[in-house]
Amino acid sequence: MKTINLSKLINYKMKRVLFLLLLLTSCYSVERNCVDFKTGVFEFSTSINDSIVTSTFTRTDKYEIETFNGVKDSSIIKWVNECEFLLTKIRPKTNQEKRPIRIKILRTYGDQYDFEFSAVNNPDKISRGTVKRVSD
């Protein structure tokens, strides 16, 4: 009767699974050309109360000027790294608006990028969205 070393069998199978996972994940890489989105005019649409609303914003090296429902609002941009930045309102109206918003670009494709954002004081409540470039 042939005996099988269970430890070697498990080790062998684990190595095969690990190799397969590495092979599959190495073929998939997320494109992140964040530098392409540091400046320009962009659009962000989201659903609020079963309606799609759109915000347009212009981003320069130092500022982001947003227009939403005909009202302009400006923020200072501080880039943390190539794909992450903080937005701080220039003229906040509430204490909550005084707190910076952290934005992290997750993926870029064509003239769009997917991102996540959260208030710096509440990093556990993360929302996601997609932004589209309107012009340079």
Which one of these is among the hydrophobic types (A, V, I, L, M, F, W, C) and at pLDDT below 95: ILE126, ILE77?
-> ILE126
Single residue of the range 110-120 satisfying the filter (at negative phi and assigned to a loop (DSSP other than H, G, I, E, B)) that is surrounded by the fewest Cβ atoms within 10 Å (Cβ to Cβ) = VAL120
So ASP50 fits all but one of (1) on the phi < 0 side of the Ramachandran plot; (2) at pLDDT below 90; what number is the exception?
-> (1)
Out of the residues in the range 27-55 that are open to solvent by 80 Å² or more (accessible area, probe 1.4 Å) and in a helix (DSSP H, G or I), state the one that is farthest from LEU86 (Cα to Cα).
-> CYS27
Given (1) in a loop (DSSP other than H, G, I, E, B); (2) under 18 Å from SER47 (Cα atoms); (3) not polar (S, T, N, Q), PRO123 misses just (2)
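The values are calculated or read from the model by the stated rules, or taken from the named source; none is laboratory data. These figures come from a predicted structure and were not determined experimentally. No Cβ is skipped: glycine too gets one built from the backbone with ideal geometry, and neighbour counts run over all protein chains shown. Side chains included, ligands, DNA and RNA excluded: accessible areas come from the protein's heavy atoms. Shrake-Rupley method; radii C 1.70, N 1.55, O 1.52, S 1.80 Å.
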